[in-house]
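> To start, I am sharing the structure in question, which I have written as structure tokens.
Bear in mind that the values in this text are calculations on the coordinates, not laboratory data. Just so you know, these numbers come straight off a predicted model, no measurement behind them. When we count neighbours, we look across all protein chains shown, and the Cβ atoms used for this are built from the backbone with ideal geometry, even at glycine.
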Amino acid sequence: MKKEAIVLLNMGGPNNIREVEVFLRNMFADPNILTMKSALLRKFVGNLIVANRTFAAQKVYEQLGGKSPIVEHTKALVSKLQQLVDEDVYVDFTMRYTPPFADEVALRLEEMDVKDIYLIPLYPQYSTTTTKSSLEDFETAYARTGGNAKLHSIKNFYRNHRYNELICKRIAEAIGEAQSEEFDLIFSAHGLPQKIVKRGDPYERQITRHVELIKQELQKKHMEFRGIHLAYQSKVGPMKWLEPSLEKKLEELAGKKVVIVPIAFTIDNSETDYELGVEYAEIAKELGYSDYRVARCPNDDELFAMTLHEIFREMKE
């Protein structure tokens, strides 16, 4: 009988075209995403956003093969992590906005009579919109089972050395046989409204610190770039978001070769495969870039599985 469980938490993504609306509706019903105090106003605004975005989002996922790549990558990661842990440790995952939902996973763990559950949100940096939302979601779901397992969780892992080694590996893979000195390197983080940061969300500070840590690792590896920058993507709506935007940063740079590193994502999804891989690639082409590359997310790389195993061991100490 399994006595311990590791649960990986992530935002999720549509498993098919029909789930696109489910994904959007659940996301914009999340009080950590739409932060207005009135539930009725949140529902009204959320419904408007879903109505306006569903069709366009479905077209995006059609170009990605009819679904998000996030679930398959996560399943592969879970399989590799399961091979690293002891036999009495069970590894599972749950998504915030699409199946498998927290209720399903929490009930399965309670039926297995698991005594300790280690929650690892797959967000390197903490934000109320991601880490807090996912942890609260699972904790609430598990409470509904009436179980008495002890829940353990972490808030971030951007300082983990093994993880940052993997980011450098992904950058090196993107460069390939080319000369890194010819490229600008842009770390692209998912954007966040300024009002959320002003309320105390540490995301921006942790993103900035994470970039500095990776820069130090790159220097140790003698990987030099024309310049190293930070920008933000995925702005939604008219309110002020973190700056500079990725588009603005691309416009500012005089160089014509660039590598984009999606620093806030651990698993490839529509924001990396389509937004960075297609939409911003078109913008870069219009701006005269002769070489535009996007580094892959950690996904199910062996080093990422090893990182999560190391985090799990640290949580048990």
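> Net charge around Gln125, counting only other residues with Cβ within less than 14 Å of its Cβ (Lys, Arg = +1; Asp, Glu = -1)?
+2
> Turning to a different aspect of this structure: Quote the relative contact order of the chain in percent (integer), defining contacts as alpha-carbon pairs under 8 Å separated by 6+ residues.
Worked out over the chain, it gives 22 percent.
> Also, quick follow-up: Return the Cα extents of the stretch 93-161 along principal axes one, two and three, sorted largest first, each rounded to a whole Å.
Principal extents (Cα only, largest first): 35, 24, 16 Å.
> For the chain, what is the mean residue ellipticity at 222 nm derived from helices alone (per DSSP H run of n ≥ 4: -39500 (n - 2.57); sum divided by total residues; nearest 500 deg cm²/dmol)?
Working: 11 runs with 139 residues, N = 317.
Calculated at 222 nm, the ellipticity per residue is -14000 deg cm²/dmol.
> How large is the convex hull of the C-alpha atoms of the stretch 47-87 per residue, in Å³?
Hull volume normalised by residue count: 85 Å³.
> How big is Rg to Rh over the stretch 107-218, alpha-carbon atoms, Rh as the Kirkwood inverse-mean-distance radius?
Values: Rg = 18.3 Å, Rh = 16.7 Å.
With Rg and the Kirkwood Rh in hand, the quotient comes to 1.10.
> Where both residues lie in the stretch 161-294, what percent of DSSP beta bridges are antiparallel, nearest 5?
Of all bridge pairs located within the stretch 161-294, approximately 5 percent are antiparallel.
> With every atom except the alpha carbons ignored, what do you get for Rg and Dmax of the chain, in angstroms?
Rg, Dmax (Cα atoms, Å): 19.6, 60.
> To one decimal place, what orientation-averaged projected area in nm² is obtained for the convex hull of the Cα set of the stretch 161-208?
4.5
> Would you list which lysines come within 25 Å of Lys221, measuring only between C-alpha atoms, while excluding same-chain residues fewer than 8 positions from it?
Straight-line reach from Lys221, under 25 Å: Lys169, Lys256, Lys257.
> Quick one: what Rg and Dmax do you get for the stretch 161-294 from the alpha carbons, in Å?
14.5, 45
> Restricting to bridges with both residues inside the chain, how much of the DSSP beta-bridge set is antiparallel, in percent to the nearest 5?
In the chain, DSSP labels about 5 percent of beta bridges as antiparallel.
> Where the centre of each part is set by its Cα atoms, how far does the stretch 64-79 sit from the stretch 100-158, in angstrom?
The distance from the Cα centre of the stretch 64-79 to that of the stretch 100-158 comes to 20 Å.
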